[in-house]
1. Kindly establish whether residue 68 is without any contact (Cβ under 8 Å) to a residue 40 or more places away in the chain, more than 27 Å from residue 179 (Cα to Cα) and in a helix (DSSP H, G or I).
2. How many residues are in contact with a strand residue (DSSP E or B) (Cβ under 9 Å, 6 or more places away or on another chain), more than 12 Å from residue 71 (Cα to Cα) and of a type in the set (A, V, I, L, M) if we restrict to region 17-51?
3. Considering only residues that are closer than 22 Å to residue 171 by Cβ and touching a Lys or Arg at 6+ places or on another chain (Cβ under 8 Å), which ones fall in region 13-56?
4. If we scan region 53-63, do we find a residue that is crowded, with 17+ Cβ neighbours inside 10 Å, within 12 Å of the chain's Cα centre (by Cα), without any contact (Cβ under 8 Å) to a residue 40 or more places away in the chain and part of a loop (DSSP other than H, G, I, E, B)?
5. State the number of residues belonging to region 108-124 that are part of a helix (DSSP H, G or I) and open to solvent by 60 Å² or more (accessible area, probe 1.4 Å).
6. Within region 76-104, track down each residue that is in a helix (DSSP H, G or I) and of a type in the set (Asp, Glu).
Amino acid sequence: MKTTVIRSPRVPKLCAELGLEILPTNRLPGPGQTTASSTLHAICRTHGEEHLTLLLRTLLETEGNSGHVNEFTLYAISDIMLAHPEWPEKGLAWLEAFDRVDLGDVRAQARANRAAVPQRFGIASALHRELAILFDNPNSSPSRTEDGVAIENDLIYGTRAIAAFLEIPIQRCRELIAEGNLPTFQMPGATTRCARKSALNAHWQALDEAAKAA
């Protein structure tokens with residue numbers, strides 16, 4: 001018997017806000033697209049909108065991963081987030097860790113071994129191996145810290161949206177967020193908190209002038 005997925009109107013709105021296009025299941029998705037609508041609704045229903053938001057940002061706001069928003073990868077990363085909540089709580093370090101992960105290779109290995117291990121669990125196991133090296137070894141943590149506390153603003157602000165709005169590289173945007181130099185406002189038509197470009201430019205100008213004076 002086919003399971004009926006209860007659908008929330010918030011899921012398509014959230015996807016639109018994060019720049020993810022939901023396609024019909026008979027289409028081939030590219031970067032920033034997915035056909036896993038039922039999976040998105042199921043995860044949102046089971047674990048909540050905040051969990052789904054962080055999950056999608058993990059894929060959409062890290063390098064080379066926006067083309068891997070599919071059923072197996074969504075469930076695998078969700079499983080990792082639930083099993084090791086202290087990892088995504090590191091904020092910027094969580095995203096930087098996924099910048100280092102080759103999800104294409106992880107998926108290929110899981111697909112090749114799917115006769116022995118379901119792909120969802122194969123991907124989760126491979127991700128655990130890579131992420132544990134980064135997060136459980138203090139000498140290899142990618143996180144910037146302040147007074148020994150990991151900086152978590154990156155996931156709050158929606159970095160890729162900010163970087164696109166400001167027309168700056170995403171890494172520079174992360175650095176500014178970590179430094180606390182991004183004044184915020186409500187981006188028109190979305191719930192993403194973002195930086196006011198004029199205020200930020202004024203801040204940069206002041207820093208440049210101070211540096212020249214020194």
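1. Taking the combined requirement at face value, the residue does not satisfy it.
2. 3
3. The answer is 18, 19.
4. Yes: region 53-63 contains one or more residues that are crowded, with 17+ Cβ neighbours inside 10 Å, within 12 Å of the chain's Cα centre (by Cα), without any contact (Cβ under 8 Å) to a residue 40 or more places away in the chain and part of a loop (DSSP other than H, G, I, E, B).
5. Residues flagged as part of a helix (DSSP H, G or I) and open to solvent by 60 Å² or more (accessible area, probe 1.4 Å) within region 108-124 amount to 5.
6. 79, 89, 96, 99, listed by residue number.
The values are calculated or read from the model by the stated rules, or taken from the named source; none is laboratory data. Just so we're clear, the structure is a prediction, and the values are computed from it rather than from any experiment. Heads up, the Cβs are rebuilt from the backbone with ideal geometry, glycines too, and the neighbour counts pull from every protein chain shown. These area figures cover heavy atoms from the full protein model, side chains too; ligands, DNA and RNA do not enter into them. Shrake-Rupley method; radii C 1.70, N 1.55, O 1.52, S 1.80 Å.
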